[in-house]
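Notes for the one structure printed next.
Nothing in this text is a laboratory measurement; each read-out follows from the coordinates by a stated rule. Predicted, not measured: the structure shown is a model, and the values here were computed from it. Cβ sites come from the backbone with ideal geometry, for glycine too, and all protein chains shown count toward neighbours.
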Amino acid sequence: MSVDKARRGPPPPPPRRGFDWRAAALPSAISAISVIVVFGALGWAITSADEWPRIRLQFFNLDAMAAAFPRVLQGFWINIQVWLTVLAAILAWALVLAVVRSLRAPWFAPFRLMVVLYIDIFRGVPVLLLVLLFGFGVPALTLPGLPNSGLFWGGIAMVLSYSAYVAEIYRSGIDAVHEGQRAAAKSLGLSEWQTMIHAILPQALRNVVPALMNIVVALQKDVALLSVIGVRDAVREAQIYTASTFNYSSLIVAAGLFLLATIPMARLADWLTRRDRARRLQLSA
Amino acid sequence: MTTPRIEIDEVTKYFGDKLVLDRVSLSVSPHEVVCLIGASGSGKSTLLRCVNRLVEHDYGTIRLDGVPVDDPSFGKTGLQRRAGIVFQSYNLFPHMSVLDNITLAPRKVHGVPRAEAEARGREVLARFAMDRFATAYPEQLSGGQQQRVAIARALMTKPDVLLLDEITAALDPELVGEVLAIIRGLKDEGMTMMIVTHEMAFARDCADRVAFLDGGMILEEGPPAQIFESPQEDRTRAFLQRIISAGRL
């Protein structure tokens with residue numbers, strides 16, 4: 001660089017461009033108008049159909065909705081309670097499965113095999129079938145010392161099924177931890193178990209948070225499966241109302257409650273995924 | 001003659017059907033620094049990892065102060081305490097602070113109380129001008145700083161031997177010097193070291209002896225002046241020629 005250039009110094013930073021309302025106005029207006037036009041046309045097409053009054057009466061009847069709401073909401077509270085309880089059990093039990101499957105010591109072979117079989121079986125059978133089998137079948141045995149409620153055994157079925165999936169998610173996270181981490185831990189004298197607890201699992205769990213969030217959302221909806229064994233959740237309560245009035249608006253109420261819970265969670269899952277990806281990009285840069 | 005600190009005797013290692021170490025013998029005296037050089041895949045890293053049993057050799061014997069490394073008298077962690085290793089990719093635990101990284105083994109493996117382990121940890125970090133970063137996480141540090149922490153971690157148990165596995169290979173060129181300066185310092189204090197390296201200038205300058213590996217065998221060993229100035233073997237000459245034309249010597 002010439003002395004002359006250094007003396008003059010670099011040019012000043014360019015002026016900051018503020019948000020230009022005029023430039024943004026036209027595109028915003030166009031998108032707003034096109035949204036109104038398309039959705040308006042769709043709405044008009046639906047409501048002007050010959051069948052619309054009957055559909056509205058059967059599915060979107062405000063009076064029926066109001067009448068069914070308290071019972072459906074009460075049922076939905078059951079959904080939330082079951083969801084959180086079952087979720088906690090799944091996350092813990094699946095972690096045990098994943099760790100057992102990932103330990104490499106030779107004497108662990110029979111336990112590893114048991115976990116592989118467990119995952120094959122419970123991932124391969126429909127959840128609904130498991131719920132029916134456990135929810136109706138096991139209480140009929142009247143096992144001594146164990147609860148006899150369909151709710152309890154239906155919940156067990158959910159845990160057995162979902163933990164198989166979640167164990168595989170955990171395992172993918174464990175496998176994704178770099179081999180060098182194991183080498184470092186081993187060279188420091190950590191046992192295999194200490195390596196897992198102190199070095200591998202903390203990293204693995206952080207890796208799988210986005211994938212787990214999707215399971216959490218799916219589980220929230222699938223708790224409704226327990227309605228088939230008579231658990232009076234939101235779906236069951238809505239069905240009871242439907243059965244006595246032949247009006248389906250109560251099911252729409254239940255659907256609305258589910259959406260109210262799942263949509264924010266899906267957004268949270270997206271946000272966590274994005275944040276995680278940003279973190280990885282930053283690390284690899 | 002004193003017992004060698006490390007005595008590698010006719011060690012052979014296969015990975016599956018692939019022969020990676022072929023009857024390698026090498027001994028390292030106390031306070032001696034031996035550099036292992038050679039092309040990638042020549043077996044030098046594997047040889048290093050056999051010494052602290054990260055890799056189990058198939059035939060032959062490796063002794064530390066006369067005791068075979070697989071001797072029960074080492075217990076589960078005695079060998080790891082006496083032979084520290086530092087890796088090319090640092091392999092620090094990313095979810096732990098610098099201080100937790102270096103005190104993990106003393107606390108969890110050797111049962112040192114936390115306060116005592118951390119006091120020693122800060123002492124070791126201070127030696128490497130890293131005490132400011134005790135509470136930082138590895139990803140907040142430069143490569144050279146991370147490698148200094150990794151060396152500190154390996155020194156926490158006061159090992160008799162330090163094994164260094166291409167510890168500057170992942171570093172930006174301007175950061176290599178700060179790490180090599182630490183190794184020189186350790187040499188001056190009398191640390192026994194086996195060093196796998198591609199830094200020929202460092203090997204020539206710092207090693208007491210250099211061993212050239214090729215195809216799983218030690219083809220030639222001797223003082224650095226002899227290996228670098230008048231190599232006896234054609235393959236050593238060819239290897240050094242390649243290094244020189246790549247501008248690394």
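Shown in residue order for segment B:200-211 are the 3J(HN,Hα) couplings computed by the Karplus curve 6.51 cos²θ - 1.76 cosθ + 1.60 at θ = phi - 60°: 5, 4, 5, 4, 5, 7, 10, 7, 7, 9, 10, 10 Hz (x for Gly and Pro).
For the residues of B:104-110, the average number of beta carbons from a partner chain within 10 Å of their own beta carbon is 5. Longest span of chain A, sites excluded, free of trypsin sites (Lys or Arg not before Pro) in DSSP loop with at most 16 other C-beta atoms within 10 Å? Between exposed loop sites, the widest span is A:105-231. Cβ-to-Cβ counts within 10 Å put A:Ser244, B:Ser97 in ascending order as A:Ser244, B:Ser97, the fewest first. Taking amide H as placed 1.01 Å from N in the peptide plane, the amide H of B:Leu219 sits under 5 Å from that of B:Phe212, B:Leu213, B:Asp214, each at least 5 places away or on another chain.
Given axes a ≥ b ≥ c from the Cα gyration tensor, I'd like to know whether chain B is rounded (a/c under 1.5), prolate (a/b larger than b/c) or oblate. Oblate, because a/c is 1.5 or more while a/b does not exceed b/c. With 0.36 nm allotted per residue and the present C-alpha distance subtracted, the A:Ile30-A:Ala6 stretch has 3.7 nm of extension available. Within segment B:75-129, list the trypsin sites (Lys or Arg not before Pro) lying in a DSSP loop whose Cβ has at most 11 other Cβ atoms in a 10 Å radius. In loop regions of segment B:75-129 (DSSP not H, G, I, E or B), the sparsely surrounded trypsin sites (Lys or Arg not before Pro) are B:Lys76.
To the nearest 0.05, what FRET efficiency results for B:Ala126 and B:Ser27 with a Förster distance of 41 Å applied to their C-beta separation? Rounded to the nearest 0.05, the efficiency is 0.75. If R0 is taken as 25 Å, the Cβ-Cβ distance between B:Ile243 and B:Asp17 corresponds to a FRET efficiency of 0.25. Applying a DSSP loop filter and a limit of 14 other Cβ atoms within 10 Å to the GluC sites (Glu not before Pro) in segment B:13-120 leaves B:Glu56.
Farthest toward the positive end of the dipole of segment A:129-285, out of A:Ser161, A:Ala269, A:Leu226, is the Cα of A:Ala269, where the dipole comes from beta carbon charges about the Cα centre. This model, with +1 at the C-beta of Lys and Arg and -1 at the C-beta of Asp and Glu, gives segment A:80-187 a dipole about its Cα centre of some 280 debye. Charges were assigned to the Cβ only: +1 to each Lys and Arg, -1 to each Asp and Glu. The resulting dipole of chain A about its Cα centre is roughly 1320 debye. For the options B:Glu166, B:Glu229, B:Glu221, a Gaussian network treatment of chain B with springs between C-alpha atoms closer than 10 Å singles out B:Glu229 as fluctuating the most.
Dipole orientation for segment A:68-284: of the candidates A:Val72, A:Thr195, A:Phe136, A:Thr195 has the Cα lying most toward the positive pole (charges on Cβ; Lys, Arg +1; Asp, Glu -1).
Computed 3J(HN,Hα) for segment A:230-240, one whole-Hz value per residue from the Karplus formula 6.51 cos²θ - 1.76 cosθ + 1.60 where θ = phi - 60°, is x, 5, 8, 8, 4, 5, 4, 4, 5, 5, 4, glycine and proline marked x.
Here's the picture: charge each Lys and Arg Cβ at +1 and each Asp and Glu Cβ at -1 in segment A:136-285, and of A:Ala254, A:Gly173, A:Ser244 the one pushed furthest to the positive end of that dipole is A:Gly173. Within the listed set A:Ala89, A:Ala255, A:Ala41, the residue fluctuating most in the Gaussian network model of chain A (springs between alpha-carbon atoms under 10 angstrom) is A:Ala41.
For the options A:Trp44, A:Trp193, A:Trp93, a Gaussian network treatment of chain A with springs between C-alpha atoms closer than 10 Å singles out A:Trp44 as fluctuating the most. Computed from the Cβ-Cβ distance with R0 of 41 Å, the FRET efficiency linking B:Gln140 to B:Asp208 stands at 0.65.
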